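Since every read-out is calculated from the coordinates, none of them should be taken as a lab result. On a predicted model such as this, the values are computed, not experimentally measured, just so you know. Backbone-built Cβ (ideal geometry, glycine too); neighbour counts: all protein chains shown.
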């Protein structure tokens, strides 16, 4: 697995949104792209995913620099984006190919790992927001992507569901060791989940700072280290006057 | 997307609570439906009873507004001598064929225009221009071209059916959520797979709405088609009633149109409910 970005820029109608972003992801690393709204975080993620192909610079996934959606990547959107005419199980197996029984077996395995084994026959309209996002996570994992791209995946959820799903994401990561790029505007979320936080700032957005979170293992929400790091980030964003 | 918004409810409770709730709902549904039906019947029954009474007393002259019982006996009379079935049969046959041809043309053109921007540029302005012509205005031209035989009638009905179906297909396809298409793209689906697995199911609701309004227009146009010259059919009965000064035949025909039209709409509605059971809708009637 390798993910390397070199000098990625993107212009919308003459206005540059991101400028010269370069980064290299280590296998199994969780990278956070943190920034205020409008700094180009999501634009950058869409360039990595290949959903957007109008960027300049190169995105290399396992050495492949073609500007297209790559099989090795999975995407979890801000909204669950489930197909409303399919059941939970059918949604999860949507990206799979092959015989139906095999697809179902794989889909059930991932549904179980997101804690929804019993809900496979429900339709999206019958799910709560948290359940729907769990299904979306299972759907993204089902093709065993080597790189998982997440675009503010928990921002529309209430605080409790959000924490549950953050822990779920960490469990999933422990099991599959996927490389993760997480776009977020939530400093706590970035510090809780990520090994490395890249801060995007300005218009056009550039990486203004890189912050390694060295703490291993289960981190404590609100621990002293994380609080300190948060204060640093806030100072950096000039949101708090020291 | 509001339906995805979270409630702070615990994750599993929602699914567990749902089943018993639905059971009680469906158990209650029948008496409730019956009551609604009874309430809805009060006014029509009163109206018919008053009408019958006033007709018998002679307030309404029979040559203008015959009693409901006279209308019913006209219908049963035609049913017994067998002529009723011929009239109903030929009218249903015309609507059915017109509906099939109109829908087929709408599916082909609508899909082309919906999927291909070039086809839209080519066809849509013309179709929109034709749409602004009231379809009944074609009648003289069709008679001139095809005479007053079956082809002219069925063509007219097909023209009436075409527009609502076409418009709904085009808007259904072009309103498919771009976000869902992106989901398909993330799994590397090609254009044909995107159409089959995302665009078609997503535009199905709109297509079905188009079918229902198309069928409604089909019934409207069969009346026009049969008024302009026919030897059989419910619309022909209207003409007969007018020419023989028998309002009971006109009323019988109107009632038959209402019943059969409603029946065909109900069948489409059943199909719609079956096909769209996944939709988040409160209205089920």
Give me A:196, A:10 sorted ascending by neighbouring Cβ count inside 10 Å, so fewest comes first.
A:196, A:10
Cα-based helix-to-principal-axis angle, A:159-176 vs chain A, degrees rounded to 10:
80 degrees
Is it possible to state the helix-based mean residue ellipticity at 222 nm for the protein assembly as shown, with each DSSP H run of 4+ residues giving -39500 (n - 2.57), the sum divided by total residues, to the nearest 500 deg cm²/dmol? What is it?
-19000 deg cm²/dmol
How high is the relative contact order of chain B, in percent, counting Cα pairs under 8 Å that sit 6 or more residues apart?
20 percent
Any idea what angle helix B:247-275 forms with the longest principal axis of chain B, computed on alpha-carbon atoms, 0 to 90 degrees, nearest 10?
10 degrees
How long is region A:73-132 along each principal axis, judged by its Cα atoms, biggest number first, in Å?
30, 27, 23
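Taking a ≥ b ≥ c as the square roots of the Cα gyration tensor eigenvalues, with a/c under 1.5 meaning rounded and otherwise prolate when a/b beats b/c, else oblate, which class fits region A:37-160?
oblate
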For region A:173-215, what ratio Rg/Rh do Cα atoms give with a Kirkwood hydrodynamic radius?
1.01
Which whole number gives the average count of other chain Cβ atoms within 10 Å of the Cβ atoms across peptide A:122-129?
6
Helix axis angle, A:129-141 relative to chain A longest principal axis, alpha carbon, degrees:
90 degrees
So what is log10(I(q)/I(0)) for region B:202-279 at q = 0.15, 0.21 1/Å, when the Debye sum runs over its Cα atoms only?
-0.60, -0.89
How well do other chains shield peptide A:153-163, expressed as the mean number of their Cβ atoms within 10 Å of each residue Cβ?
2
What average count of beta carbons from other chains do you get within 10 Å of the Cβ of residues in A:82-89?
5
Based on alpha-carbon centroids, what's the gap between region B:46-113 and region A:132-188 in Å, whole number please?
61 Å
For B:231, A:128, what ranking results if the residue with the fewest other Cβ atoms within 10 Å of its Cβ goes first?
B:231, A:128
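Quote the convex hull volume per residue of the protein assembly as shown, based on C-alpha atoms, as a whole number of Å³.
Convex hull of Cα atoms, per residue: 217 Å³.
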Cut-off is 10 Å between beta-carbons; in what order do A:123, A:192 appear when sorted fewest neighbours first?
A:123, A:192
Taking A:160-166, A:66-72 and ranking on average Cβ neighbours within 10 Å, highest first, one gets A:160-166, A:66-72
Taking N as the number of residues in chain A, the ratio of its alpha carbon radius of gyration to 2.2 N^0.38 Å works out to 1.02
Kirkwood-based Rg to Rh ratio, chain B, C-alpha trace
1.07
